[in-house]
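The values are calculated or read from the model by the stated rules, or taken from the named source; none is laboratory data. As the structure is a prediction and not an experimental result, all values here were calculated from the model. Here the Cβ positions follow ideal geometry from the backbone for every residue, glycine too, while neighbour counts run over all protein chains shown.
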Amino acid sequence: MKTKQQSGINREAYLVRHLFDPDKLEQVPTRNGYGDGLVEAGKKDKNIVVLCADLTESTRSLAFKNAFPDRFVQLGVSEQSMASIAAGMAITGKIPFISSYACFSPGRNWEQIRTTIAIQNSNVKIAGAHAGVSVGPDGATHQMIEDIAIMRVMPNMKVFVPCDSFETKKATIAIAKLSSPCYIRFAREKSPVFTTEKTPFKIGRAETYRFGNDLTIIAAGPLLYEALLAAQILSLDHKIEARVINMHTIKPLDVKTIIKATKETGAIVTVEEAQAVGGLGGAVAETVCLSTPVPVERIGVQDRFGESGEPRQLQEAFGLTARSIITAAFRVLKLK
């Protein structure tokens, strides 16, 4: 006889087909929202300029180049120079967006970002594309999973991890209006579009997408979809009601919402396609520990590098699916 836990996990395929069927949702890479957001922001502010390091199409900076060719700069494979040049442009009143793969920016040019952008509090926006293991066959070198941690620790830096293409567009437009260094990360692979143009988005304010009082699942990026799926399975099969929070802004973190959820549910699971240490999981654990200690489980990459494979295979291998979130929920509930 199957236990309730086994039954819930085995029903994942059924629930995907009938409740959250990705085939019934539009599938769009979050990076597309970045390109759309750049164009929209560029229409509203002529000071916005875009710099790219030989990855114009991949980062979706091409849309801005086509719309505003005189405000686009192609620097070639030169991420370190790109950061410093953007800092100089910001001094003149421009609002530079620098675009590359996250493994190169902020991976390769972290020191230049620190010295010429963050220390000077320069108004430069860093866009890290192809983040997470869902990059797929490109393997460990291109699967940037440390970026949230290394950017969150940098003073003056704000960090954003939008969940789908619509939210990426909103985040891009929003950070263009900030006078502050910002980092925004997005993915290569197509993912479900489950928000709309009208879905609320405000910098520094988490959004509750599902209400429940048994535990809280706090997610960022496209894996928020997996968190919602896991919550639905827990509800239907186990009468466990999980609150699901979209923590699209990692810094400044919405501490108030985290503390409220901690007090009302007493157990937390964090979900991200990045290193659990230092990323969203680290940020939430720090907040909970310092305010209202409760059990916390962190779904994320567990102190290892990526590897080559198909995106979904890798998400499953690294425990980044609804199945793993459900298992973590059972573990954390036992500790309440």
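Within the stretch 230-240, being buried (at least 21 other Cβ atoms within 10 Å of the Cβ) and at pLDDT 95 or above holds for A230, A231, L234.
Would it be correct to say that L314 is in the same structural domain as T262 (by TED's automatic domain parsing) and in a loop (DSSP other than H, G, I, E, B)? So L314 does not fit the description; no.
Quick grid of which residues meet (1) closer than 21 Å to I148 by Cα; (2) not basic (K, R):
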residue: A220; (1), (2): yes, yes
residue: H238; (1), (2): no, yes
residue: D254; (1), (2): yes, yes
residue: T257; (1), (2): yes, yes
residue: A267; (1), (2): no, yes
residue: V271; (1), (2): yes, yes
residue: S291; (1), (2): no, yes
residue: V301; (1), (2): yes, yes
residue: K336; (1), (2): no, no
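If only residues of the stretch 277-289 that are of a type outside the set (D, E) and more than 15 Å from M151 (Cα to Cα) are counted, the one that is farthest from the chain's Cα centre (by Cα) is C289. Checking the stated criteria, K158 turns out not to satisfy the condition of being over 19 Å from G282 (Cβ atoms) and surrounded by fewer than 24 Cβ atoms within 10 Å (Cβ to Cβ).
For the stretch 157-276, the strands (runs of 3 or more DSSP E) that sit wholly inside it and include 1 or more residues that are of a type outside the set (G, A, S) and over 13 Å from the mean Cα position of the chain (by Cα) are 182-185, 190-192, 207-210, 215-219, 242-246, 268-275.
Scanning the stretch 220-229 turns up at least one residue that is hydroxyl-bearing (S, T, Y), farther than 22 Å from E40 by Cβ, in contact with a Cys (Cβ under 8 Å, 6 or more places away or on another chain) and buried (at least 18 other Cβ atoms within 10 Å of the Cβ).
Within the stretch 290-311, the set of residues being among the small types (G, A, S), over 19 Å from the mean Cα position of the chain (by Cα) and not in a loop (DSSP other than H, G, I, E, B) comprises just one member, S291.
For the residues R71, R60, the requirement of being at positive phi, touching a helix residue (DSSP H, G or I) at 6+ places or on another chain (Cβ under 9 Å) and of a type outside the set (D, E) singles out R60.
Rundown of residues vs (1) buried (at least 23 other Cβ atoms within 10 Å of the Cβ); (2) closer than 19 Å to A140 by Cα, yes/no style:
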site: A261; (1), (2): yes, no
site: E264; (1), (2): no, no
site: G279; (1), (2): yes, yes
site: G300; (1), (2): yes, yes
site: R304; (1), (2): no, yes
site: G319; (1), (2): no, yes
site: S324; (1), (2): no, no
